[in-house]
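Structure first, commentary second.
The values are calculated or read from the model by the stated rules, or taken from the named source; none is laboratory data. Quick caveat, the model's predicted, so the values are computed rather than measured. Glycine gets a Cβ as well: all are built from the backbone with ideal geometry, and neighbour counts include every protein chain shown. Note: accessible area is taken over every heavy atom of the protein model, side chains too, but ligands, DNA and RNA are not part of it. Shrake-Rupley method; radii C 1.70, N 1.55, O 1.52, S 1.80 Å.
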Amino acid sequence: MNKQENKRVFKFEELEFTDLKGERVTIPLDNKQLAEGLFNHIDSLEFDMFVRNLYDKGKAEFSDELESKILALLPSIWIYRVNEAIKELFNKAK
């Protein structure tokens with residue numbers, strides 16, 4: 001199996017979390033803001049392409065390796081609720 005076959009597509013949707021009342025709350029963060037937050041952490045061509053496609057198209061291909069790298073970065077960029085909402089979007093791509 002080659003690397004291309006292992007790629008999945010991250011599609012940006014509204015970021016949401018469930019509050020204490022069980023209601024879904026929208027986090028005011030869009031695909032461009034998410035891409036801008038990741039931009040300063042780019043360390044590979046794959047990561048660069050992911051961020052640029054996310055910014056321009058609202059979706060981007062990613063590998064397991066890149067997913068792990070991004071998920072490890074999240075706590076240094078955003079608060080817990082935002083991180084969990086972003087993780088949900090990665091899980092939807094599986």
GLU65/GLU14 FRET efficiency (R0 30 Å; Cβ-Cβ; nearest 0.05): 0.65
Structure-derived Cα extents along the principal axes in Å: which label, when the choices are [x] 40, 21, 21; [y] 45, 28, 23; [z] 45, 35, 20: [y]
Surface share of carbon and sulfur [accessible, 1.4 angstrom probe, percent] for the chain: 50
In nm, spacing of pseudo-spin labels at GLU23 and SER44 (7 Å Cα→C-beta vector): 4.2
Contact order relative to length of the chain, as percent, for alpha carbon pairs under 8 angstrom and 6 or more apart: 37
Charge dipole magnitude, Cβ of K and R +1, D and E -1 - the chain, Cα centre, debye nearest 20: 160
Estimated 222 nm signal from helices in the chain, with DSSP H stretches of n ≥ 4 weighted -39500 (n - 2.57), rounded to 500: -16500 deg cm²/dmol
